[in-house]
Amino acid sequence: MRKFLTFAIILLGTLACSLGSPVEIFEPEGQLIHPDEAHVNLSDLTLTNFSTPEKQSLLQRYFAGNGRWEVRQERGINYAVRLEKVNGNYQTSLNGYYSEYKENGSVSQTRVLVSFKEPYGFGNLDKRITRSNTGNNDAELIIADSFPGTPGYASYLIVNGGGIYIEIYDQAPQVERIFTQKAYNEISKELSAILEHQDEIETTGIMLLEEYYPGAFPKASFLDVKDGMQPGIYLVDAAVNPTGPGILFVKVFDTKTGEQLSADRITPRSTRVAAWSDAGVTYFPYQSEITISEGDWNTKYEARFELWHKDDSGTETKLLETTRLVNGWQR
């Protein structure tokens, strides 16, 4: 019975990850602790070099053009999500959370963001957030111990670099914040490289350091729609070559009726800040995870997926389209 209950809690946590924050559907219970082992070193000040609007624009352009990152918009906030590997490939996730289940039954879950102007945050769970500044060489993290749906020890760190923020969620079986420290160090190193290659990014949208990219850039445009974790959930994968700034987003239509599907949910969830190059010779990656609500798991129908670009003047241009059979997602 104990094994069954443990599995049920983990399953609920996984479902929450696909629908929203992994803990927000539960009432706060358990204990908030401040263990000596949960200290991290934030002394690297590289983040503070991106506090100006010009540098933040540079950073967003770099993130948008790197298949390891994607820049999203929500509640008027732009924030970059660092993608992690799923089945060997860097893959988008609905809310930026990634889970790993070990053979011994332990669970790890992480999320890494860089947010602009103000923090993206952690829902309404302010008491579980540790807020610190760059330069703090001994930051003490608040740890959530044994909350329902959250096995192990969880923390959420927001580091302020002067109007730009690194945010790290770290849920692990050990108290030590190994992932948090590693992620902060990795991002600081990447930010240093961006500063060194600023001219390249401003010209082409990319920097010539392969170690920071997940692989070679596509050689041509494409749009592919793959099955997600459940019927009605789909992963949109594409490559495009805009010649100017803007945003990318998906529209989906029922090919038989012409009805636009789940527009109020798909458009915001699929919106990404677009990468671009003046010459238009680089094909930049695009990913999003969307949910179609119309229909159910028992009936398939044909839908047309369209990828659109909206430039800074508000002009919308359809870039690509493809059709496939879909289901509607059901609870």
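Among the residues of region 234-249, just one is over 17 Å from the mean Cα position of the chain (by Cα), β-branched (Val, Ile, Thr) and crowded, with 18+ Cβ neighbours inside 10 Å, namely VAL240.
Are any residues in region 124-134 in a loop (DSSP other than H, G, I, E, B) and surrounded by 15 or more Cβ atoms within 10 Å (Cβ to Cβ), and if so, which ones?
Kept after step one, since they are in a loop (DSSP other than H, G, I, E, B), are these residues of region 124-134: 124-125, 134.
Scanning region 124-134 gives LEU125, THR134.
For region 31-39, the count of residues that are of a type in the set (A, V, I, L, M), modelled with pLDDT under 95 and crowded, with 17+ Cβ neighbours inside 10 Å is zero.
Residue by residue, here is whether (1) more than 12 Å from LEU223 (Cβ to Cβ); (2) at pLDDT 95 or above; (3) surrounded by 17 or more Cβ atoms within 10 Å (Cβ to Cβ) holds:
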{"site": "GLY258", "(1), (2), (3)": "yes, yes, no"}
{"site": "SER262", "(1), (2), (3)": "yes, yes, yes"}
{"site": "GLY280", "(1), (2), (3)": "yes, no, no"}
{"site": "GLN287", "(1), (2), (3)": "no, yes, yes"}
{"site": "THR291", "(1), (2), (3)": "yes, yes, yes"}
{"site": "THR299", "(1), (2), (3)": "yes, no, no"}
{"site": "LYS318", "(1), (2), (3)": "no, yes, no"}
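The single residue among ARG111, ARG131 that is of a type in the set (D, E, K, R), at pLDDT 90 or above and under 19 Å from ARG82 (Cβ atoms) turns out to be ARG111.
Being surrounded by fewer than 19 Cβ atoms within 10 Å (Cβ to Cβ), modelled with pLDDT of 95 or more and among the aromatic types (Phe, Trp, Tyr) is not true of TYR184.
Within region 185-199, residues that are assigned to a helix (DSSP H, G or I) have Cβ atoms under 6 Å from residues that are surrounded by fewer than 14 Cβ atoms within 10 Å (Cβ to Cβ) in these pairs: ALA193/LEU209, counting only partners at least 6 apart in sequence or on another chain.
For residues in region 200-233 being without any contact (Cβ under 8 Å) to a residue 40 or more places away in the chain, under 21 Å from the mean Cα position of the chain (by Cα) and not in a helix (DSSP H, G or I), which is farthest from VAL86 (Cα to Cα)? Step by step, filter region 200-233, then rank; the result is ALA216.
Take the residues in region 190-225 that are among the charged types (D, E, K, R) and surrounded by 13 or more Cβ atoms within 10 Å (Cβ to Cβ), then tell me which one is nearest to TYR286 (Cα to Cα).
My answer is ASP224.
Residue selection: PHE147 fails the criterion of being touching a residue at least 60 places away in the same chain (Cβ under 8 Å) and not assigned by TED's automatic domain parsing to the domain that holds TYR62.
Taking region 144-166 as the range and being at pLDDT 95 or above and touching a Phe, Trp or Tyr at 6+ places or on another chain (Cβ under 6 Å) as the test, the residues that pass are TYR156, ILE158, ILE164.
Looking only at residues of region 145-162 that are in contact with a helix residue (DSSP H, G or I) (Cβ under 8 Å, 6 or more places away or on another chain) and either more than 18 Å from GLN31 (Cβ to Cβ) or of a type in the set (Val, Ile, Thr) (or both), we find that the one that is surrounded by the fewest Cβ atoms within 10 Å (Cβ to Cβ) is GLY162.
Collect the residues in region 168-181 that are of a type in the set (D, E, K, R) and surrounded by 22 or more Cβ atoms within 10 Å (Cβ to Cβ), keeping them in residue-number order. Result: ASP170, ARG177. Taking TYR165, is it touching a residue at least 24 places away in the same chain (Cβ under 8 Å), aromatic (Phe, Trp, Tyr) and either within 25 Å of PRO285 (Cα to Cα) or not assigned by TED's automatic domain parsing to the domain that holds GLU74 (or both)? Here the answer is yes, as TYR165 does meet what is asked.
Among the candidates LEU195, LEU141, LEU191, which residue alone is in the same structural domain as TYR101 (by TED's automatic domain parsing) and within 20 Å of VAL107 (Cβ to Cβ)?
Working: LEU195 fails: within 20 Å of VAL107 (Cβ to Cβ); LEU191 fails: within 20 Å of VAL107 (Cβ to Cβ).
Of the residues listed, the single one that is in the same structural domain as TYR101 (by TED's automatic domain parsing) and within 20 Å of VAL107 (Cβ to Cβ) is LEU141.
The values are calculated or read from the model by the stated rules, or taken from the named source; none is laboratory data. Keep in mind it's a predicted model, so treat the numbers as computed, not measured. FYI the Cβ positions are ideal-geometry reconstructions off the backbone, even for glycines, and counts take in every protein chain you see.
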